[in-house]
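Working notes, structure below.
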Amino acid sequence: MAPRRSARISNVSDLKPAEVLKSTAKDSKSAGTSKEKTNASNGNGVTKKSRKPPTRRTTREKQTERDTAGSAPEEAWATPQTPSKHRDVTSIADNLILTPPQPPRLDRPVEPHTTNATLVTPRGSSVVAYPSIEDISPSKTGLPRPTATTGTLLEKALEHLIAVDARLKPVVEQHHCHLFSPEGLAEQIDPFDSLVSSVIGQQVSGAAARSIKNKFLDLFDTETGDLQADATTKAKRRFPTPAQVAKLDIPTLRTAGLSQRKAEYIQGLAEKFSNGELSTQKLLRASDEEVMEMLIAVRGLGRWSVEMFSCFALKRTDVFSTGDLGVQYVFFFFALRVMY
């Protein structure tokens, strides 16, 4: 407890006058300079807590303090608001779930000696040799019984190649064959488009062939109203039907950059598809030998062109173009490497 007032007065009275003045001045000076720093007692002896001196705060600190102080009540009492139109569009775009592409079928029956590709008819419908596992009987299809599926065809072919020559194993492992994979077999192929493109690309560079083909498609844009992959538009252009091509005369076809002979080849090919000598169904159901016989009869298509068409368009696996110069060079250097 603080000493009583009478005791404090008696203590002061015992001091000398000089000492009293000195003590009083010292107390007043101490009280004036450290009033906010020390605890002082009031007249009744009750100790009061000193206040800290005010500190200056920057504008950013004040703004942060106001935001912090007001954020909790604002969040607590916030009422739902109708989102703006821009926010709606943004939220829809952010939450939009794009439908992934359908995975290729792995159970579609296929046969190495028949057409394994998915072919497109002039009307736009797609057809396959064996639509389902239930329709594989030779009595129903008129085709040989399938020995593989789209999921096992490539696997069996690679196993056969490695079994015949084990030196092909590193080549098989380093170079994936997309052509006969499930994804490759699911690609839709227009046989008329493939054959016309083969004629256009004969004895010209790849760039020249693309340019001529785009000009060829330009002749039919006014009729179809559709845009095949173009280097400038990057759009998909629909290839004309055989009937549309057969209607055009040779001079008109030549305006696309075709030579006289190539224009005649393409017009003759279109006429064969139009009158039924060639059709998607015939190419789908024919054997390897029958495909060769049908297409060799068309002007402008030689054995090499038919072999390339059978392999890369019809996806027939039992095709080996020994007359291809590229194949001959590869085997020539491969033989030299083995010998030396």
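The values are calculated or read from the model by the stated rules, or taken from the named source; none is laboratory data. What you see is a predicted model, and the numbers here were worked out from it, not measured in a lab. Cβ: placed from backbone, ideal geometry, glycine included. Neighbour counts: every protein chain shown. Areas reflect the complete protein model, heavy atoms only, side chains present, ligands, DNA and RNA absent. Shrake-Rupley method; radii C 1.70, N 1.55, O 1.52, S 1.80 Å.
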From the option list LEU253, LEU284, single residue qualifying as open to solvent by less than 10 Å² (accessible area, probe 1.4 Å), more than 18 Å from LEU301 (Cα to Cα), in contact with a Ser or Thr (Cβ under 9 Å, 6 or more places away or on another chain) and assigned to a helix (DSSP H, G or I) is LEU284
Among the residues in region 193-205, are any of a type in the set (A, V, I, L, M), over 26 Å from the mean Cα position of the chain (by Cα) and either open to solvent by 50 Å² or more (accessible area, probe 1.4 Å) or at positive phi (or both)? yes
Within region 143-169, work out how many residues are part of a loop (DSSP other than H, G, I, E, B) and surrounded by fewer than 16 Cβ atoms within 10 Å (Cβ to Cβ). 5
Looking at (1) within 25 Å of PRO144 (Cβ to Cβ); (2) open to solvent by 30 Å² or more (accessible area, probe 1.4 Å); (3) out of contact with any Phe, Trp or Tyr (no Cβ under 7 Å at 6 or more places or on another chain), which is the one condition that is false for THR317? (3)
Within region 112-142, residues assigned to a loop (DSSP other than H, G, I, E, B), closer than 23 Å to GLU307 by Cα and open to solvent by less than 60 Å² (accessible area, probe 1.4 Å) come out as PRO112, THR114, THR115, ASN116, ALA117, THR121, VAL128, ALA129, TYR130
State whether the residues of region 320-337 include one that is within 26 Å of PRO109 (Cα to Cα) and modelled with pLDDT under 95. yes
Quick one: in region 170-192, which of the residues that are loosely packed, with under 14 Cβ neighbours inside 10 Å and part of a helix (DSSP H, G or I) is nearest to the chain's Cα centre (by Cα)? GLU183
Which members of region 294-314 meet the condition of being closer than 16 Å to VAL110 by Cα, among the hydroxyl-bearing types (Ser, Thr, Tyr) and surrounded by fewer than 21 Cβ atoms within 10 Å (Cβ to Cβ)? none
Can ILE266 be described as modelled with pLDDT of 95 or more, open to solvent by less than 40 Å² (accessible area, probe 1.4 Å) and closer than 28 Å to SER125 by Cα? yes
So is VAL291 outside any helix (DSSP H, G or I) and open to solvent by less than 40 Å² (accessible area, probe 1.4 Å) or not? no
